[in-house]
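The structure appears below as structure tokens.
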Amino acid sequence: MKLYLKNTFTTNLPADVNLENTPRQVSKACFSYVIPKETAAPKLLHVSSEMLENIGLYPEDSEKKEFLNVFTGNTVLENTTPYAMCYGGHQFGHWAGQLGDGRAINLFEVSHQGKNWKLQLKGAGPTPYSRTADGLAVLRSSVREYLCSEAMFHLGVPTTRALSLALSGDQVLRDILYNGNPDYEKGAIVCRVSPSFLRFGSYEILASKQDFESLKTLINFTITSHYPEFINPNNVIIDKDTYNSFFHEVAKRSLDMVIHWQRVGFVHGVMNTDNMSILGLTIDYGPYGWLEGYDLGWTPNTTDHQNKRYKFGAQIDVVLWNLYQLANALYPLIGEADGLEKTLQDFSENSKVAYLDMMRSKLGLTLKDKSDVSLINSLEDCLQLTETDMTIFFRNLAHFNSEEPENWKAIIEAAFYTPNTIDNAIIIAWNNWFKSYSVRLNLEHVTHLEKIESMNAVNPKYVLRNYMSQIAIDLADKGDYSLIDELFIMLKKPYSEQPEYQKWFSKRPEWARNKVGCSMLSCSS
Ligand code: AMP
Ligand code: MG
């Protein structure tokens, strides 16, 4: 196994001088050195062949004992210094102080084909940031992160990736619903991969401690490593213009990410600032969920059921709120607020435009017309009149043809969850909407076939519905990993028809409506 190892993170940033692996407050540092915990009987369950190739390995490398040992934390490669990152965060609207990699340990960086990847084990044992928890992860949450992060990539959503999924062989105690019913579950480890795991909270923690020296070092490192285009090539000085451009770009990328979430019906579930990537990637797959019935008020996270802070319809606003926190952390270095404020003010307007363009693309509209806003608003209203499957509705919508306008009924009926409760008012509302849509389509210059093609490229046929992960998890728990592989392969081509997987292009089955893991998820993982 030959890897081109680098360690830009640990050599450029301040390290915790304390080498003890005990829970504590860490200061004047961006990370702490820590060795992963030995596992009892590690077993590899799945490897992403694409990620293997991306880091310069061959399929046969993943079959070696060394691969298993390295990617479950039992062997530390020579010349590598694993570490946990220090960060803080605003959780559910409140500053939570130091959080950090409580159960993630970065192994090393790999440089391949001009890219630098950080490889990180999630669930590899305690770190100085574990607080009162165990640093471990269970099979169910690991399957969910492994499958979803790769699926998101293939959907075209900016995301961290995953290299491997393994069982640790250890038993892990969890109280899934925090209701006093803990039980042992199988421990598991995912190797996550990303150009960076830095989060908004990485900067916030340093600003909160007024450690401006480390803050400056970290921001300059971030810009040099990931945003070098904003460094003035003539004087190579990182000045306030650079910081402002950097912030502007982070805002742009974060907006792009969340617009993709709205496009595919992904609800993150815990958009705390410690879960916001500085690269605008979807990061930390916890109690996330996929919309089944289109519902702007839906959140998968049981911890958030009361306030619904992170509901589907709030995600764009939450990104802005989180950007305000990042701006506050950058402000001490810049010393003036104008540039940061401009970016924040522009965000609202930019997000409206981006959302509108995205929704137009879902409807197959290539031109801009002033009626589009009301067309889209009334579509959102219609979709929420009765439980209506988002993925099925948009995928089938491509078949609507204004020359045969009567097929609207079949399209909408295929997406209804409770067809026998549909009353006249709902039918009339939909009929009216399709009439407006038909009029609007007539303004377009594309053929029906071109429209189908463009809509199929943005409206996925296959997403990782919550119940699908749950079936894969239940099977895996019994030692059958075949569905993990089947879903993994299917989700590589979410926009293709793939008739062999037609059974997964269907509404959530009734048994999954109120089942833990399907509609109810918690952070306990
Ligand atoms: P999350 O909600 O998953 O983003 O986690 C919030 C914080 O809790 C992060 O600092 C995590 O590292 C930490 N955390 C979550 N689960 C565990 C665990 N099992 N052991 C240690 N720390 C954890
Ligand atoms: Mg997190």
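The values are calculated or read from the model by the stated rules, or taken from the named source; none is laboratory data. Quick caveat: nothing in here was measured; it's all calculated off a predicted structure. Quick reminder, even Gly has a Cβ in these numbers, built from the backbone with ideal geometry, and neighbours come from all protein chains shown. Note: areas computed on protein heavy atoms with side chains; ligands, DNA, RNA excluded. Shrake-Rupley method; radii C 1.70, N 1.55, O 1.52, S 1.80 Å.
Scanning the range 100-127 for residues that are under 18 Å from Q25 (Cβ atoms) and either away from ligand 2 (no atom under 16 Å from the Cβ) or surrounded by fewer than 21 Cβ atoms within 10 Å (Cβ to Cβ) (or both) yields a total of 1.
Specify the residue that is farthest from V190 (Cα to Cα); the eligible residues are those in the range 47-58 that are in contact with a helix residue (DSSP H, G or I) (Cβ under 7 Å, 6 or more places away or on another chain) and open to solvent by 20 Å² or more (accessible area, probe 1.4 Å).
S49
Residue-level check: of (1) buried (at least 18 other Cβ atoms within 10 Å of the Cβ); (2) farther than 30 Å from L57 by Cα, L198 misses just (2).
On inspection, R253 passes the criterion of being open to solvent by 60 Å² or more (accessible area, probe 1.4 Å), modelled with pLDDT of 95 or more and under 30 Å from K308 (Cβ atoms). Per the listing N275, N232, the residue uniquely open to solvent by 10 Å² or more (accessible area, probe 1.4 Å), among the polar types (S, T, N, Q) and in contact (Cβ under 8 Å) with a residue 40 or more places away in the chain is N275.
Let me confirm something: among A457, A415, which residue is small (G, A, S) and surrounded by fewer than 16 Cβ atoms within 10 Å (Cβ to Cβ)? Full working, then the answer.
Values: A415 fails: surrounded by fewer than 16 Cβ atoms within 10 Å (Cβ to Cβ).
Within the list A457, A415, the selection yields A457.
Scoring V270 on the criteria (1) more than 16 Å from ligand 2 (Cβ to nearest atom); (2) in contact (Cβ under 8 Å) with a residue 24 or more places away in the chain; (3) in a loop (DSSP other than H, G, I, E, B) leaves a single failure, condition (1).
Suppose we filter the range 136-169 for residues that are polar (S, T, N, Q), open to solvent by less than 10 Å² (accessible area, probe 1.4 Å) and within 16 Å of ligand 2 (Cβ to nearest atom); how many remain? Qualifying residue count for the region: 3.
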